[in-house]
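The values are calculated or read from the model by the stated rules, or taken from the named source; none is laboratory data. All values derive from a computational prediction rather than experimental measurement. Cβ: placed from backbone, ideal geometry, glycine included. Neighbour counts: every protein chain shown. To get the accessible areas, we keep the full protein, side chains included, count just its heavy atoms, and leave off ligands, DNA and RNA. Shrake-Rupley method; radii C 1.70, N 1.55, O 1.52, S 1.80 Å.
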Amino acid sequence: MNSQPELKKELKIRHITMISLGGIIGAGLFIGSGSLINTAGPGSIFSYAFAGLLVILVMRMLGEMSTANPSSGSFSTYAKEALGPWAGYTIGWLYWFFWVIVIAVEAIAGANIIQYWFPSLPSWGVSLALTFLLTMTNLYSVKSFGEFEYWFSLIKVVSIVLFLLLGIAIICGFIPGIDSPGTSNLLHKGGFLPNGISSVFLGIALVMFSFMGTEIVATAAGESSQPEKAITIATNTVIYRILFFYLGSIFILVTVLPWNSSSLMKSPFVSILELVNVPAAAQIMNFIILTAVLSCLNSGLYTSSRMLFSMSQNGDAPKSFSKLNKKGVPVSAILACTVISYVSVIFNYISPDKIFLFLVNASGGVALLVYLVIAFSQIKMRKKYEKENPEALKIKMWLFPYLTYATILAITGIFIAMAFIDSLRSQFFLTLLIAVLVVGSFFFQRTKMTSGLAAKENTSK
């Protein structure tokens, strides 16, 4: 009889709902959007719209599989069942690698923001302190993770809603002393596509990474008392979340600010707050960005540890990572992810332009590989469920299998396009290198295990 405790079902629907809402709002929206608008002009709306459509389709596929079989291992579990052990092993480790690097990147970003207020504090010390503090929340219980993420997400959501209302007021001419820009910034500064359609396609490749995190809700649902309801809410509302938060924000930015404005490169959101003379605009936005960074760090610790825990249960990682404490928290898995992130932060200060840059670039294309594996897994799993358990399909992918195949083609095209984009080429080749090494480690491990078993059998004879 196995007395090992299981993951606690302590995440409530309000936690899952807010995680799904806030999970899509990262620091990239507040900071990176200005660079993309500077590149593609008002046409950047198309870049976000197309990338958002692909994410909506991928989330629909993931929602279909997750409602049929909620799992903390999420798509790694489905990949193993649908495509074979090598696929579950490979995508699980790649996804884990992606998030432990994100934890380090976000800790460094958070430290840089805090130094804005406290310049005398050492950046490396603040980075490690932030990681330590959020590790504590994850170690205490899954409920404490959910509660922190609830409030982080609420701050982000309220901030975006207020920003959208302010932008609409500017566009409609409701702000005294500020003339409505009308369509002048959209159509009369080189047109809607000032740098041509190619800049929009470039934008799609850059934007895809902004949406990474939408899939966390499928992992979190495995620790909810109502997983089916949680996944259904997250899956059915993803289209509105992308339309409202991302496309709404980008539309406001390209309408209110000229696309070639230097203020976009500084901080587009700060620029709009300063336009209406909001006191301490930079301070307010710094606080909101810090919240987004801490939210991502918190989610990264949670997601990477649950993936490591699930892989351990499946035999793809050391068994020690599947141990839980009395509160149902995978302590060893969380600490392992924290230690790797500490090492990465240290690398950033020892060798920022070599080792750390290599790690960041190597994780760059993982999002697209994850999306591809979800799509391929869904094709196999859908056919299996239709044959063996059709009642399990509470959520179904639209126009199956045609939309799934179209999504696969589009994501493959974006991934290949990375090899031809200067700023993304190193990420393409380094991600491929890491993927090949992970696949190679799977077969090396299997060969070693088979050889060991054969040696034991010969000895026993």
Taking a ≥ b ≥ c as the square roots of the Cα gyration tensor eigenvalues, with a/c under 1.5 meaning rounded and otherwise prolate when a/b beats b/c, else oblate, which class fits region 93-167? oblate
Can you grab the distance from the C-alpha centre of region 57-130 to the C-alpha centre of region 233-255, Å, no decimals? 22
Area accessible to solvent at ASP353, 1.4 Å probe radius, in Å²: 100
Using 7 Å Cα-to-Cβ label points, what is the GLN445/TRP124 separation (nm, one decimal)? 3.2
Going by a ≥ b ≥ c, the root eigenvalues of the Cα gyration tensor, does region 161-288 fall in the rounded group (a/c under 1.5), the prolate group (a/b larger than b/c) or the oblate group? prolate
Which lysines does LYS384 reach when only Cα atoms under 26 Å apart count, and residues fewer than 8 places away in its own chain are ignored? LYS80, LYS229, LYS394, LYS396
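Mind checking the full-extension length gain between LYS383 and LYS229? Use 0.36 nm per residue of separation minus the Cα-Cα distance, one decimal, nm.
53.1 nm
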Let a ≥ b ≥ c be the square roots of the eigenvalues of the Cα gyration tensor of region 13-450; is it rounded (a/c under 1.5), or, if not, prolate (a/b larger than b/c) or oblate? prolate
Charge dipole (region 13-450, unit charges on Cβ, about Cα centre) - positive-most of VAL343, ALA333, SER35: ALA333
Of the listed peptides 202-212, 114-124, 317-327, 93-103, what is their order by residue-averaged count of other C-beta atoms within 10 Å, with the highest listed first? 93-103, 202-212, 317-327, 114-124
Can you give the FRET efficiency to the nearest 0.05 for ASP179 and TYR116, using r as the Cβ-Cβ distance and R₀ = 25 Å? 0.20
Subtracting the Cα-Cα distance from 0.36 nm times the residue separation, let me have the gained length for GLU6 to ILE416 in nm, one decimal. 143.5 nm
Length gain on complete extension for the stretch LEU187 to SER351, per 0.36 nm per residue less the alpha carbon to alpha carbon distance? 54.5 nm
So how strong a dipole does region 1-101 carry about its Cα centre when Lys and Arg Cβ are +1 and Asp and Glu Cβ are -1, to the nearest 20 debye? 200
Centroid-to-centroid separation of region 295-357 and region 143-198 [C-alpha atoms, Å]: 35
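Report, in deg cm²/dmol and to the nearest 500, the calculated mean residue ellipticity at 222 nm for the chain, where each DSSP H run with n ≥ 4 adds -39500 (n - 2.57) and the sum is divided by the residue count.
Roughly -24500 deg cm²/dmol at 222 nm, from the helical runs in the chain.
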Roll a 1.4 Å probe over the protein heavy atoms and report the accessible area of ILE168 in Å², nearest 10. 80
Between helix 85-117 and the chain, what is the angle of the helix's C-alpha long axis to the longest principal axis, kept within 0 to 90° and rounded to the nearest 10? 40
Which of LYS12/LYS326; LYS9/LYS327; LYS9/LYS143; LYS9/LYS323; LYS12/LYS327 exceed 18 Å between C-alpha atoms? The answer is LYS12/LYS326
Carbon and sulfur atoms account, in whole percent of the 1.4 Å probe accessible area of region 64-165, for 77
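Averaged per residue, what accessible surface does the chain expose to a 1.4 Å probe, in Å²? Show your work: numbers first, answer last.
Details: 19290 Å² over 461 residues.
That works out to 42 Å² for each residue.
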